[in-house]
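J.: Below you'll find the structure I mean.
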Amino acid sequence: MESRLNYFGNALAGKVLKHINSAGKVVSDSTLPATVQELVKIRASQINGCGFCTDMHIKDAAHAGETAQRLHLVAVWREATVFTEAERAALEVAEQGTRIADAAGGVSDEAWTNAAKHFDEDQLVALISLLGVINAYNRINVINQQPAGDYQPGQFG
């Protein structure tokens, strides 16, 4: 598989990515736990069929110490016993927030209330923002058919 164009080498794309990366940095520096952030990025990327981001975030999570067992079970988190209640709440919001077209009304009140039990307002803002950022990246990579598999942890800084 080859990408349709060299998106990451394009000057205009570089300007766009600078702003998306800036938003991503604000989220990564937030108090939303880093583990939750990686799990959410992985799950949204899986749902969106973004191989490039799925590869990247699984490798980044593993590099940060996440277990192989948990990484293998992200796609089936509802049936897995290895995730905390807070992680499960974030994954539910991630799924519903990513599948907006499939879930009339977006994130349900029940999912939101459950997440609010585990995260404070700033962390909820970070979670929403993270979903916006990763979904934007997923769409860029899926539309461009960006190949997966070659990412190395820390490759982008």
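J.: Taking the condition of being among the charged types (D, E, K, R), open to solvent by 40 Å² or more (accessible area, probe 1.4 Å) and in contact (Cβ under 8 Å) with a residue 12 or more places away in the chain, how many residues in region 93-108 meet it?
T.: Counting residues in region 93-108 that are among the charged types (D, E, K, R), open to solvent by 40 Å² or more (accessible area, probe 1.4 Å) and in contact (Cβ under 8 Å) with a residue 12 or more places away in the chain gives 1.
J.: So, one more: Would you say Leu131 is open to solvent by less than 40 Å² (accessible area, probe 1.4 Å) and within 30 Å of Asn6 (Cα to Cα)?
T.: For Leu131, the condition - open to solvent by less than 40 Å² (accessible area, probe 1.4 Å) and within 30 Å of Asn6 (Cα to Cα) - is met.
J.: Output the qualifying pairs, or none if there are none: Cβ atoms under 8 angstrom, residues six or more apart or on different chains, first residue in region 141-157 and closer than 12 Å to Asn48 by Cβ, second residue modelled with pLDDT of 95 or more and open to solvent by 50 Å² or more (accessible area, probe 1.4 Å).
T.: Close Cβ pairs satisfying both conditions: Val142/Gly49; Ile143/Arg4.
J.: May I ask you to verify whether Arg70 is modelled with pLDDT of 95 or more, basic (Lys, Arg) and open to solvent by 40 Å² or more (accessible area, probe 1.4 Å)?
T.: In short, no.
J.: Name the residues in region 96-147 that are under 15 Å from the mean Cα position of the chain (by Cα), within 21 Å of Trp77 (Cα to Cα) and charged (D, E, K, R), would you?
T.: Result: Arg99, single match.
J.: Among the candidates Ala111, Ala89, single out the residue that is more than 23 Å from Asn144 (Cβ to Cβ), touching a His at 6+ places or on another chain (Cβ under 6 Å) and either small (Gly, Ala, Ser) or surrounded by fewer than 21 Cβ atoms within 10 Å (Cβ to Cβ) (or both).
T.: Ala89
J.: Open to solvent by less than 40 Å² (accessible area, probe 1.4 Å) and not charged (D, E, K, R): is that true of Thr84 in this structure?
T.: Judged against the criteria, Thr84 is not a match.
J.: Out of Gly49, Gly24, Gly65, report the one residue that is open to solvent by 40 Å² or more (accessible area, probe 1.4 Å) and within 28 Å of Asn144 (Cα to Cα).
T.: So the residue among Gly49, Gly24, Gly65 that is open to solvent by 40 Å² or more (accessible area, probe 1.4 Å) and within 28 Å of Asn144 (Cα to Cα) is Gly49.
J.: Here is a further query. Since His57 meets every condition but one in (1) at pLDDT 95 or above; (2) more than 16 Å from Gln155 (Cβ to Cβ), which condition does it not meet?
T.: That leaves (2) as the condition not met.
The values are calculated or read from the model by the stated rules, or taken from the named source; none is laboratory data. Being a predicted model, the structure only gives us computed values, none of them experimental. We place every Cβ from the backbone using ideal geometry, glycine too, and count neighbours over all the protein chains shown. Remember, those area values only see protein heavy atoms, side chains included, never the ligands or the DNA or RNA. Shrake-Rupley method; radii C 1.70, N 1.55, O 1.52, S 1.80 Å.
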